[in-house]
Amino acid sequence: MADRVTVIGWDGSALTAPARSALGAATLVAGAAHHLALPEVPPNAERIRLGSVGLAARRIAQHRGTAVVLADGDPGFFGVVRTLRAPEHGLEVEVVPAVSSVAAAFARAGMPWDDAQIVVAHSRDLRRAVNVCRAHTKVAVLTSPGAGPAELALLLGGVHRTFVICEELGTDRERVTVLTSDKVADHVWRDPNVVIVIGGSPGGAAAQGTGWIAAHEVGHPTGPRGWGLPDGAYGGALDEGESSQLRTAQLARLGPRVGDLVWDIGTGSGAAAVEAARFGAAVIAVDAAPDACERAAAVARRHGVQLQVVQGRAPGVLEDLPEPDVVRIGGGGAAVVTACADRRPERIVTHAATRDEAEALGRALADGGYQVECALLQSVDLDTTAWVERERSVVFLLSGYRVPHP
């Protein structure tokens, strides 16, 4: 094992005295091509091009001498330190940090970033990074080949955002470009880059000014406490299918989370869509009625969350929507359930007013390859001044869980 392993962050500025000292004593240096070209790298040191960090870690573990790993920005922030410290390599490292690329990008933009979401985009799961950009008003995306600004913009589709694209930060080829998302796909971008994605309608917790926790928009800790909020939080007089008790049970089974895309079909007042968005998920709210779409958009603004509202009748309108992770169906019958099952979300929840309707929806879920759960929910609203019944609701709740293909 190497006698000493030092990880040095580099942000384009002159190396600090501790970094120069460690590098000068190195018998092995690992880094990208521009790192290995630094004049401080000892001419007799073994050099490793840092492609796979795992392969480099194995080489370092077998080295007898003093090793240095050079990395851009802060190597402890989505960087090489995690891999080097993995148990299979057994490396103990000292870290000389530098300004992270995210901090540098926001500095170039002249913006604060304690309220920003930060995600890493890979081509294999780019859609999750895109969903965070849909759901939040300020996101920094650390890109990779095949998952860069153009791909982000294309997957955002009709969701308008402003991109601040920072290429090759800290080098003499550094460039910062500001474009609207509809223009980004027309350009070729250099790696590595950081993309700051800005837009949407700030409100609620996002408009409260300074907070006490980083990325505090997630979960809206200064917004309403809890979920399954009472009807009054959404203007009151909601439909029976939007009752707080039913909504609570639906959200519990959907489990929306950051990185997910939720379809809320037959959104009505938008109550369920807004609550899913308060968990940090991206949400597309669909309804055939123009007034329902307007109401959902207004409720989203009031609660400070981002909704993409689509007016149209399901199942036809669903064809052009991006792939969902979970789906709530507020109405539309078996045809809508079948159309949603064809898109293979992880979970689908819906409800029925009668036993016959519940059986039809359950068959559609089962035929679509879902394990079906059905529960009869009864809730009674009591007037606590006299402890008498004020309102009673009975509904069948159906949940479909995707069965993995053999």
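The values are calculated or read from the model by the stated rules, or taken from the named source; none is laboratory data. Quantities reported herein were computed from a predicted structural model and do not represent experimental measurements. Methodologically, a virtual Cβ is constructed for each residue, glycine included, from the backbone with ideal geometry; neighbour enumeration extends over all protein chains shown. Accessible surface areas use protein heavy atoms only, side chains included; no ligands, DNA or RNA. Shrake-Rupley method; radii C 1.70, N 1.55, O 1.52, S 1.80 Å.
For residue 388 and residue 160, what does the FRET efficiency come to when R0 = 45 Å and r is the distance between their Cβ atoms, rounded to the nearest 0.05?
The formula returns an efficiency of 0.30 here.
For every other residue with a beta carbon closer than 9 angstrom to the beta carbon of residue 259, add +1 if it is Lys or Arg and -1 if Asp or Glu, then tell me the sum.
0
Scan [x] 22.2, 72; [y] 25.8, 88; [z] 25.5, 105 for the value of Rg and Dmax of the Cα atoms in Å calculated from this model and give just the label.
[y]
Any chance you could check the Cα centroid distance between the stretch 15-41 and the stretch 336-404 for me, in angstrom?
When both Cα centres are located, 62 Å separates them.
Please give the Cα centre distance for the stretch 256-332 versus the stretch 157-191, rounded to the nearest Å.
Result: 29 Å between the Cα centres.
Magnitude of the Cβ-charge dipole of the chain, K/R +1 and D/E -1, about the Cα centre, nearest 20 debye? Provide the component values of the computation, followed by the final result.
Details: 38 positive and 46 negative charges, 209 e Å.
The calculated dipole for the chain is roughly 1000 debye.
Give the relative contact order (percent, whole number) for the stretch 271-331; include only Cα pairs under 8 Å separated by 6+ residues.
Computed value for the stretch 271-331: 34 percent relative contact order.
Counting only protein heavy atoms and a 1.4 Å probe, tell me what percentage of the chain's accessible area is made up of carbon and sulfur.
About 52 percent, which is the carbon plus sulfur part of the accessible surface.
Of 320, 11, 72, which has the largest mean-square fluctuation in a 10 Å C-alpha GNM of the chain?
Looking only at 320, 11, 72, the largest GNM fluctuation is found for 320.
Shape call for the stretch 278-406 from the C-alpha gyration tensor, a ≥ b ≥ c root eigenvalues: rounded (a/c under 1.5), prolate (a/b greater than b/c) or oblate? Numbers along the way, then the final one.
Details: a/c = 1.92, a/b = 1.15, b/c = 1.67.
Since a/c reaches 1.5 but b/c is at least a/b, the shape of the stretch 278-406 is classed as oblate.
Would you please give the residues with an amide H less than 5 Å from that of residue 100, counting only those at least 5 places away or on a separate chain, with H modeled from the backbone geometry?
Hits under the 5 Å cutoff: 74.
Relative contact order (percent) for the chain, with alpha-carbon contacts under 8 angstrom and 6 or more residues of separation?
So the answer I get is 11 percent.
Could you give the dipole magnitude of the stretch 234-311 about its Cα centre, charging the beta-carbon of Lys and Arg +1 and that of Asp and Glu -1, in debye to the nearest 20?
About 340 debye.
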